[in-house]
Amino acid sequence: MDCQCDRKQGNKLIDDAVPADLLRQTDRHPCYSFDAHHKYARMHVPVAPKCNIGCNYCNRKFDCVNESRPGVTSEILTPEEALQKFILVKEKLSSLSVVGIAGPGDALANWTETRKTIELVKHTAPEIIFCLSTNGLLLPEYAGEIIGLGVKHVTVTVNSLEPEIGRNIYRYVNYQGKMYKGEEAAARLIANQLAGIELLTRSGILVKVNIVMIKNINDVHIPEVVKKVKELGVFITNIMPLIPAPGSAFANFPRTDTKELNEMRNICQVDLRQMYHCRQCRADAIGLLGDDRSSEFKLPADGNNISPAEDVKKAV
Ligand code: CLF
Ligand code: SF4
């Protein structure tokens, strides 16, 4: 997709509310800072295969679409393998500033592995910025631990505020051993997302909200989502196009047009800083946003480490 490199972003009111040391850290984060994305690299460690919700734009054979292009399958690593790979990448990639967990399922639906990975990497390289991406269902449960681990950057995908809209986006939500469907599922998810975001922002975490723009489903509702998350103290929103994934419920939906996407971002920019340079990268992406080098750093295959994302209901 277009990089939109000619665009600058900013929101001085929010910048003024963020402590200077955190803003300095964010200046090295290629997704949160437009200026950083040509200079600083991120590395995703794919330690989170399970997911606890069913998005209609997702084909669960592949990475989480909330943070990735559809149709991409990443290898799965254990936390120890992730550390091993991190050490290798850090040696070769001096621009590496961020380690992120963005699937291939949901970072919090695999909390044991996610937490262990953060601990291992932080122990080895305390200066590394940690970044998590989640659908937000388990945020109320884990926000305290995320804060305690010193993570300062969290992305939550919020596609709607209304269960009537959300029911058309989510097939089910599997929460605390109970399967929710329809409006009830969407209501559960939305309530947890908003409560979780507030817990994070109140503790000084910089939250990015991803929104998948789906024509005739949530597109006209997006400005309301942006206004609401701004109220909750979110730092930036990333409005992403729907790229219909083969095999997903939205396989035959139209791909969101780049022009319409940018028009929506421009409308929302009045309220909140917008990301224009997202590359919808893989759950095992490595390098600058525009220069994926993940193929250079594959761990030796044991014939067993390529695995599609899984549903939590099957995996636990
Ligand atoms: Fe990764 Fe996401 Fe952190 Fe960035 S990606 S977990 S915030 S370090 Fe970045 Fe990739 Fe777009 Fe995500 S370009 S898909 S916004
Ligand atoms: Fe797929 Fe889960 Fe990501 Fe939704 S949150 S896109 S169901 S992996």
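The values are calculated or read from the model by the stated rules, or taken from the named source; none is laboratory data. Since this is a predicted model, take the numbers as computed values, not measurements. FYI the Cβ positions are ideal-geometry reconstructions off the backbone, even for glycines, and counts take in every protein chain you see.
Selection of helices (runs of 4 or more DSSP H) fully inside the stretch 56-171 by the criterion of at least 1 residues being closer than 22 Å to Lys208 by Cα and touching a residue at least 24 places away in the same chain (Cβ under 8 Å) returns 111-124, 139-148, 163-166.
Within the stretch 249-276, track down each residue that is surrounded by fewer than 22 Cβ atoms within 10 Å (Cβ to Cβ), polar (S, T, N, Q) and touching a residue at least 40 places away in the same chain (Cβ under 8 Å). Passing the criteria: Thr256, Thr258, Asn262, Gln269.
Residues are listed down the side, and each one gets a yes or a no for (1) within 19 Å of Gly105 (Cβ to Cβ); (2) modelled with pLDDT of 95 or more; (3) buried (at least 19 other Cβ atoms within 10 Å of the Cβ); (4) among the aliphatic types (A, V, I, L, M):
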position: Arg167; (1), (2), (3), (4): no, yes, no, no
position: Gln176; (1), (2), (3), (4): yes, yes, no, no
position: Ile190; (1), (2), (3), (4): no, yes, yes, yes
position: Gly204; (1), (2), (3), (4): no, no, no, no
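The single condition among (1) assigned to a helix (DSSP H, G or I); (2) without any contact (Cβ under 8 Å) to a residue 24 or more places away in the chain that Tyr180 does not meet is (1). All conditions in (1) in contact with a His (Cβ under 7 Å, 6 or more places away or on another chain); (2) aliphatic (A, V, I, L, M); (3) within 13 Å of ligand 1 (Cβ to nearest atom) hold for Val154, with the sole exception of (1).
Does Arg279 qualify as being surrounded by fewer than 20 Cβ atoms within 10 Å (Cβ to Cβ), over 17 Å from the mean Cα position of the chain (by Cα) and either farther than 16 Å from Thr237 by Cβ or not charged (D, E, K, R) (or both)? Criteria not met by Arg279.
Which one is farthest from ligand 2 (Cβ to nearest atom), of the residues in the stretch 53-70 that are buried (at least 24 other Cβ atoms within 10 Å of the Cβ) and of a type in the set (S, T, N, Q)? Result: Ser68.
As a summary of the residue check, Asn210 satisfies the conditions (1) in contact with a strand residue (DSSP E or B) (Cβ under 6 Å, 6 or more places away or on another chain); (2) within 16 Å of ligand 2 (Cβ to nearest atom); (3) in a loop (DSSP other than H, G, I, E, B); (4) within 23 Å of Leu132 (Cα to Cα) except for the one numbered (3). In this structure, is Leu194 within 27 Å of Arg60 (Cα to Cα), surrounded by fewer than 21 Cβ atoms within 10 Å (Cβ to Cβ) and out of contact with any Ser or Thr (no Cβ under 7 Å at 6 or more places or on another chain)? Against the criterion (within 27 Å of Arg60 (Cα to Cα), surrounded by fewer than 21 Cβ atoms within 10 Å (Cβ to Cβ) and out of contact with any Ser or Thr (no Cβ under 7 Å at 6 or more places or on another chain)), Leu194 qualifies. For the stretch 247-283, filtering for residues that are farther than 29 Å from Ser294 by Cβ and either β-branched (Val, Ile, Thr) or out of contact with any Ser or Thr (no Cβ under 7 Å at 6 or more places or on another chain) (or both) leaves 11. Taking the numbered list (1) of a type outside the set (Gly, Ala, Ser); (2) assigned to a strand (DSSP E or B); (3) closer than 30 Å to Phe34 by Cα in turn, Asp271 passes all entries but (2). Would it be correct to say that Ile217 is surrounded by 19 or more Cβ atoms within 10 Å (Cβ to Cβ), over 17 Å from Ala17 (Cα atoms) and touching a strand residue (DSSP E or B) at 6+ places or on another chain (Cβ under 6 Å)? No: the conditions fail for Ile217. The number of residues in the stretch 97-114 that are away from ligand 2 (no atom under 14 Å from the Cβ) and either closer than 13 Å to Asp63 by Cβ or more than 16 Å from the chain's Cα centre (by Cα) (or both) comes to 4.
When every residue of the stretch 208-226 is checked against the conditions, none turns out to be without any contact (Cβ under 8 Å) to a residue 60 or more places away in the chain, out of contact with any Ser or Thr (no Cβ under 9 Å at 6 or more places or on another chain) and within 25 Å of Asn110 (Cα to Cα).
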